[in-house]
Amino acid sequence: MSVQGETREKTRVNIREPKHYQVIMHNDDFTSMDFVVDILMCIFHKEEAEANRLMLMVHEKGRAAVGVYPYDIAVTKVQAATAKAREEGFPFRMTVEENNAYIR
């Protein structure tokens, strides 16, 4: 029921997808290939064939993007992988970079 003289406000809500970020793995001379494959399978949920392909890309090119996630998820995965690497004594390094190529 509308009252005469009543003013209604329309609220427009813009909902945007969160920015996405690439998780980048960097090569080093100490972290074992088996460890990298294990990280890719356990933390990044890659199939074994994909994990091996990514590990070889990191080894041959020096770095590779291993996943694209919202920022909080990307950082959490990097922290989990880095903690596991430190437990094993590896200097394994990963970074998070804004993914400008992400298509919504």
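The table that follows gives values for the structure above.
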| read-out | value |
| --- | --- |
| Among Arg12, Arg86, Arg63, residue whose mean-square fluctuation peaks in a GNM of the chain (springs only between Cα atoms under 10 Å) | Arg12 |
| Percent carbon-and-sulfur accessible area, the chain, ignoring ligands, DNA and RNA, probe 1.4 Å | 49 percent |
| Size of electric dipole in the stretch 63-104: Cβ of Lys, Arg +1 and of Asp, Glu -1, about Cα centre, debye, nearest 20 | 80 debye |
| Mean shadow area of the chain, taken as a quarter of the surface of its Cα convex hull (nm²) | 10.5 nm² |
| The stretch 56-65 - phi-based ³J(HN,Hα) in whole Hz, Karplus 6.51/-1.76/1.60, Gly and Pro as x | 5, 5, 4, 4, 7, 9, x, 6, 7, 7 |
| Residues whose placed amide H lies under 5 Å from that of Arg93, excluding near-sequence neighbours | His26 |
| Å² per residue, accessible surface of the chain at 1.4 Å | 74 Å² |
| C-alpha long axis of helix 33-42 to longest principal axis of the chain, angle in ° | 30 degrees |
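The values are calculated or read from the model by the stated rules, or taken from the named source; none is laboratory data. The structure displayed is predicted, hence computed values, not measured ones. Glycine also receives a Cβ, built like all others from the backbone with ideal geometry; neighbour counts cover every protein chain displayed. Only protein heavy atoms, including side chains, enter the accessible area calculation; ligands, DNA and RNA are left aside. Shrake-Rupley method; radii C 1.70, N 1.55, O 1.52, S 1.80 Å.
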